[in-house]
């Protein structure tokens, strides 16, 4: 069980670190394996609360851009599939 939990924990750690890299702000990961994770959690929560008003608009622009990219990717995939089915 612990091996499975470790893989899962690593997956989510990497996922949130990826979100932090993607957005550049507004994601405040806490490593629960770290000795002082509770203090880090409190600091990160306080930081998130303090910076929320100043990062709201830039984050929303980034979210809108991600939505647009996702829609474009699915539209492109749809065209590829249509083209492929037309060839068969």
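General observations
- Where a residue in segment 61-88 is assigned to a helix (DSSP H, G or I) and its partner, wherever it lies, is surrounded by 10 or more Cβ atoms within 10 Å (Cβ to Cβ), with Cβ under 6 Å and at least six apart: 62/23
- Test: residue 36 is at pLDDT below 95 and either surrounded by 12 or more Cβ atoms within 10 Å (Cβ to Cβ) or more than 24 Å from residue 65 (Cβ to Cβ) (or both): yes
- Of all residues in segment 39-58, those satisfying the criterion of being under 27 Å from residue 69 (Cα atoms) and loosely packed, with under 13 Cβ neighbours inside 10 Å are 52, 53, 54, 56, 57.
- Looking at 34, 39, just one residue is in contact with a helix residue (DSSP H, G or I) (Cβ under 8 Å, 6 or more places away or on another chain) and without any contact (Cβ under 8 Å) to a residue 12 or more places away in the chain, and that residue is 34.
- Test for residue 13: is it modelled with pLDDT under 90 and in a helix (DSSP H, G or I): yes
The values are calculated or read from the model by the stated rules, or taken from the named source; none is laboratory data. On a predicted model such as this, the values are computed, not experimentally measured, just so you know. Methodologically, a virtual Cβ is constructed for each residue, glycine included, from the backbone with ideal geometry; neighbour enumeration extends over all protein chains shown.
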